[in-house]
1. Report, by residue number, each residue of the range 14-41 that is surrounded by 15 or more Cβ atoms within 10 Å (Cβ to Cβ), within 18 Å of THR113 (Cα to Cα) and either of a type outside the set (A, V, I, L, M) or touching a Cys at 6+ places or on another chain (Cβ under 6 Å) (or both).
2. Look through ALA84, ALA59 and report the one residue that is within 22 Å of VAL11 (Cβ to Cβ), touching a residue at least 60 places away in the same chain (Cβ under 8 Å) and not polar (S, T, N, Q).
3. Looking only at the range 96-137, how many residues end up being under 16 Å from SER81 (Cα atoms), hydroxyl-bearing (Ser, Thr, Tyr) and out of contact with any Lys or Arg (no Cβ under 6 Å at 6 or more places or on another chain)?
4. Do we have SER103 as more than 18 Å from ARG129 (Cα to Cα), at pLDDT below 95 and open to solvent by 70 Å² or more (accessible area, probe 1.4 Å) here?
5. Being touching a residue at least 24 places away in the same chain (Cβ under 8 Å), over 18 Å from ALA123 (Cα atoms) and surrounded by 15 or more Cβ atoms within 10 Å (Cβ to Cβ) is the requirement here; does VAL76 meet it?
6. Of the conditions (1) closer than 20 Å to GLU71 by Cα; (2) of a type in the set (A, V, I, L, M, F, W, C); (3) open to solvent by 20 Å² or more (accessible area, probe 1.4 Å), ALA123 satisfies every one except a single condition; which number is it?
7. It is to be established whether one or more residues within the range 3-13 are assigned to a loop (DSSP other than H, G, I, E, B), open to solvent by less than 60 Å² (accessible area, probe 1.4 Å) and hydrophobic (A, V, I, L, M, F, W, C).
8. Just checking, how many residues over the range 59-68 are out of contact with any helix residue (DSSP H, G or I) (no Cβ under 8 Å at 6 or more places or on another chain) and under 16 Å from GLN18 (Cβ atoms)?
Amino acid sequence: MDVPAADVLAVHQLLGAQSHAIDSGRAADWAATFTPDGEFHSPSYPEPARDTAGLIAFAERFHASCRESGEVLRHVVGTVSVTADGPDRLRARSYLQIVGTPSGASPRLHRLTTLVDELTRTADGWRVRRRTVLRDA
C-alpha cells in the first residue's frame, strides 16, 4: 500500500518538531508528539519511558543533563522511509545522529542510530505510539 505524500511530509515534520523540542528543553512539546500511551525504548537508558508523564520526565532529565555537562546536543534525523502498517498506522525508519558541541569546542558525533517508529493517526495528526532506538552492532 502506497503512503500518500501528505502523510510522508507530515511524518517528516513530526520528526523535525521532535528534535527541536527535545534539544531546546521543551519536554511537554516533545512528549506531545507521542500518543498518550506512547513508549520510547532505547539501549542508552535502563528503562523505557511510557505515557505522557513518563515521556515528559525523560525529556526533562535529558535536557538537564545537557545543561549540567555544558554541552549542546542536537538530534539530526534523516534518511526517513515511511511505509503503511495498517489502517491509520505507519512505520517510519530513519537514521538519527546525536551531535554534541561542548562549550568552546568542536562538534563531535555521540551516536548514530536507527529509529523505528510505529505511528498512529490521531485527531491532532500523526503521533508516535512506540519508538525503538537501535544501535549499530
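The values are calculated or read from the model by the stated rules, or taken from the named source; none is laboratory data. The structure presented is a predicted model; accordingly, all values stated were derived computationally and were not measured. No Cβ is skipped: glycine too gets one built from the backbone with ideal geometry, and neighbour counts run over all protein chains shown. Calculation scope for accessible area: heavy atoms of the full protein, side chains included, ligands and nucleic acids excluded. Shrake-Rupley method; radii C 1.70, N 1.55, O 1.52, S 1.80 Å.
1. Within the range 14-41, GLN18, SER19, ASP23, GLU39, PHE40, HIS41 meet the criteria.
2. Numbers: ALA59 fails: touching a residue at least 60 places away in the same chain (Cβ under 8 Å).
Step by step, each of ALA84, ALA59 is checked, and only ALA84 is within 22 Å of VAL11 (Cβ to Cβ), touching a residue at least 60 places away in the same chain (Cβ under 8 Å) and not polar (S, T, N, Q).
3. 2
4. Working: more than 18 Å from ARG129 (Cα to Cα): yes; at pLDDT below 95: yes; open to solvent by 70 Å² or more (accessible area, probe 1.4 Å): yes.
Yes, satisfied.
5. Working: touching a residue at least 24 places away in the same chain (Cβ under 8 Å): yes; over 18 Å from ALA123 (Cα atoms): yes; surrounded by 15 or more Cβ atoms within 10 Å (Cβ to Cβ): no.
No; evaluated as a whole, the condition is false for this residue.
6. Exception for ALA123: condition (1).
7. So in the range 3-13, the residues assigned to a loop (DSSP other than H, G, I, E, B) come out as 3-4.
Now narrow it down to the ones that are open to solvent by less than 60 Å² (accessible area, probe 1.4 Å): 3.
Remaining after also requiring hydrophobic (A, V, I, L, M, F, W, C): 3.
Yes: the range 3-13 contains one or more residues that are assigned to a loop (DSSP other than H, G, I, E, B), open to solvent by less than 60 Å² (accessible area, probe 1.4 Å) and hydrophobic (A, V, I, L, M, F, W, C).
8. Pass one, the range 59-68, residues out of contact with any helix residue (DSSP H, G or I) (no Cβ under 8 Å at 6 or more places or on another chain): 61, 64-68.
With under 16 Å from GLN18 (Cβ atoms) added as a condition, the list becomes 66.
Number satisfying all stated conditions: 1.
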